[in-house]
Amino acid sequence: MTDTKVLCVEHHPEYMEALKYMLEAVGYEVMAAATGGQALNIMRDQEVLGVLLEYDLPDAAGSEIRYEMKRIRPEVPVLLFNGVGSQTPFLVRFFDSYLRNTERPENVFRDADG
(Lines give C-alpha, C1' and ligand atoms only; values in the text may rest on other atoms or scores of the structure.)
Protein backbone atom coordinates (compact mmCIF):
# COMPACT_ATOMS: atom_id res chain seq x y z
CA MET A 1 0.00 0.00 0.00
CA THR A 2 1.42 3.34 -1.04
CA ASP A 3 -0.32 5.18 1.79
CA THR A 4 1.97 3.59 4.38
CA LYS A 5 5.28 3.18 2.49
CA VAL A 6 8.05 5.47 3.67
CA LEU A 7 11.55 5.58 2.26
CA CYS A 8 14.25 6.18 4.89
CA VAL A 9 17.70 7.13 3.68
CA GLU A 10 20.25 6.85 6.47
CA HIS A 11 23.75 5.39 6.33
CA HIS A 12 24.19 4.91 10.09
CA PRO A 13 22.76 1.45 10.90
CA GLU A 14 21.85 2.38 14.48
CA TYR A 15 19.77 5.39 13.37
CA MET A 16 18.14 3.35 10.61
CA GLU A 17 17.15 0.59 13.01
CA ALA A 18 15.67 3.05 15.51
CA LEU A 19 13.83 4.97 12.82
CA LYS A 20 12.50 1.79 11.24
CA TYR A 21 11.35 0.48 14.61
CA MET A 22 9.47 3.68 15.47
CA LEU A 23 7.80 4.00 12.08
CA GLU A 24 6.79 0.34 11.87
CA ALA A 25 5.38 0.51 15.40
CA VAL A 26 2.81 3.04 14.21
CA GLY A 27 1.94 1.23 10.98
CA TYR A 28 4.31 2.49 8.31
CA GLU A 29 6.08 0.14 5.92
CA VAL A 30 9.73 1.21 5.79
CA MET A 31 11.99 0.85 2.79
CA ALA A 32 15.61 1.45 3.76
CA ALA A 33 18.49 2.88 1.73
CA ALA A 34 22.02 3.61 2.93
CA THR A 35 23.11 5.67 -0.08
CA GLY A 36 21.61 8.23 -2.41
CA GLY A 37 21.96 5.84 -5.34
CA GLN A 38 19.97 3.15 -3.54
CA ALA A 39 17.31 5.71 -2.63
CA LEU A 40 16.94 6.91 -6.21
CA ASN A 41 16.53 3.34 -7.44
CA ILE A 42 13.74 2.80 -4.91
CA MET A 43 12.07 6.06 -5.96
CA ARG A 44 12.11 4.92 -9.58
CA ASP A 45 10.67 1.48 -8.77
CA GLN A 46 8.27 2.12 -5.87
CA GLU A 47 5.52 4.54 -4.98
CA VAL A 48 6.02 6.02 -1.53
CA LEU A 49 4.11 8.30 0.81
CA GLY A 50 7.22 10.26 1.75
CA VAL A 51 10.96 10.25 2.30
CA LEU A 52 13.12 10.87 5.36
CA LEU A 53 16.52 11.76 3.90
CA GLU A 54 19.78 12.15 5.78
CA TYR A 55 21.82 15.09 4.51
CA ASP A 56 25.34 13.64 4.73
CA LEU A 57 25.31 10.53 2.58
CA PRO A 58 28.40 8.56 1.53
CA ASP A 59 27.80 9.16 -2.18
CA ALA A 60 26.13 12.60 -2.39
CA ALA A 61 24.74 15.56 -0.48
CA GLY A 62 21.13 15.26 0.57
CA SER A 63 20.19 18.35 -1.47
CA GLU A 64 21.43 16.66 -4.66
CA ILE A 65 19.48 13.49 -3.93
CA ARG A 66 16.38 15.49 -3.03
CA TYR A 67 16.61 17.32 -6.38
CA GLU A 68 16.74 14.01 -8.27
CA MET A 69 13.91 12.56 -6.18
CA LYS A 70 11.70 15.53 -7.05
CA ARG A 71 12.48 15.02 -10.74
CA ILE A 72 11.32 11.41 -10.42
CA ARG A 73 8.28 12.02 -8.17
CA PRO A 74 7.59 15.73 -7.61
CA GLU A 75 4.51 15.08 -5.47
CA VAL A 76 6.33 13.06 -2.79
CA PRO A 77 7.42 15.08 0.26
CA VAL A 78 11.11 14.78 1.06
CA LEU A 79 12.05 15.65 4.62
CA LEU A 80 15.54 16.34 5.83
CA PHE A 81 16.39 13.86 8.59
CA ASN A 82 19.42 15.08 10.44
CA GLY A 83 20.82 16.52 13.62
CA VAL A 84 22.42 19.47 11.87
CA GLY A 85 21.37 22.01 14.51
CA SER A 86 22.34 25.54 13.50
CA GLN A 87 22.58 24.58 9.82
CA THR A 88 18.94 23.46 9.69
CA PRO A 89 17.46 26.85 8.60
CA PHE A 90 19.90 26.97 5.68
CA LEU A 91 19.45 23.34 4.66
CA VAL A 92 15.67 23.14 5.01
CA ARG A 93 15.20 25.43 2.02
CA PHE A 94 16.19 22.46 -0.13
CA PHE A 95 13.52 20.21 1.44
CA ASP A 96 9.79 20.14 2.07
CA SER A 97 10.44 20.13 5.82
CA TYR A 98 12.78 18.53 8.34
CA LEU A 99 12.86 16.15 11.26
CA ARG A 100 15.79 16.18 13.65
CA ASN A 101 17.16 12.75 14.40
CA THR A 102 16.38 13.36 18.07
CA GLU A 103 12.63 13.75 17.45
CA ARG A 104 10.03 11.03 17.27
CA PRO A 105 8.87 10.47 13.67
CA GLU A 106 5.52 8.71 14.24
CA ASN A 107 3.18 11.33 12.77
CA VAL A 108 5.47 12.98 10.27
CA PHE A 109 3.63 11.79 7.13
CA ARG A 110 0.15 11.52 8.65
CA ASP A 111 -1.22 14.56 6.74
CA ALA A 112 1.03 14.30 3.69
CA ASP A 113 -1.76 13.32 1.30
CA GLY A 114 -4.08 16.18 2.19
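Considering segment 1-21, the residues that are farther than 18 Å from residue 58 by Cβ and either of a type in the set (A, V, I, L, M, F, W, C) or in contact with a helix residue (DSSP H, G or I) (Cβ under 7 Å, 6 or more places away or on another chain) (or both) include one that is modelled with the highest pLDDT, namely 6. Checking the stated criteria, residue 10 turns out to be charged (D, E, K, R), farther than 17 Å from residue 70 by Cβ and crowded, with 19+ Cβ neighbours inside 10 Å. Note down all Cβ pairs under 7 Å where the first residue falls in segment 1-20 and is without any contact (Cβ under 8 Å) to a residue 60 or more places away in the chain, the second is of a type in the set (Asp, Glu) and assigned to a strand (DSSP E or B), and they're at least six residues apart or on different chains. So the pair list comes out as 4/29; 5/29.
Specify which of the listed residues (106, 47, 68, 24) is at pLDDT 95 or above, of a type in the set (Asp, Glu) and more than 10 Å from the chain's Cα centre (by Cα).
68
Search segment 39-64 for residues being farther than 16 Å from residue 76 by Cβ and not hydroxyl-bearing (Ser, Thr, Tyr), and hand back the single one that is surrounded by the most Cβ atoms within 10 Å (Cβ to Cβ). Here the residue is 54.
The values are calculated or read from the model by the stated rules, or taken from the named source; none is laboratory data. Fair warning: this is a prediction, and the values are worked out from it, not measured in the lab. Every residue, glycine among them, receives a Cβ derived from its backbone with ideal geometry; neighbour counts consider all protein chains shown.
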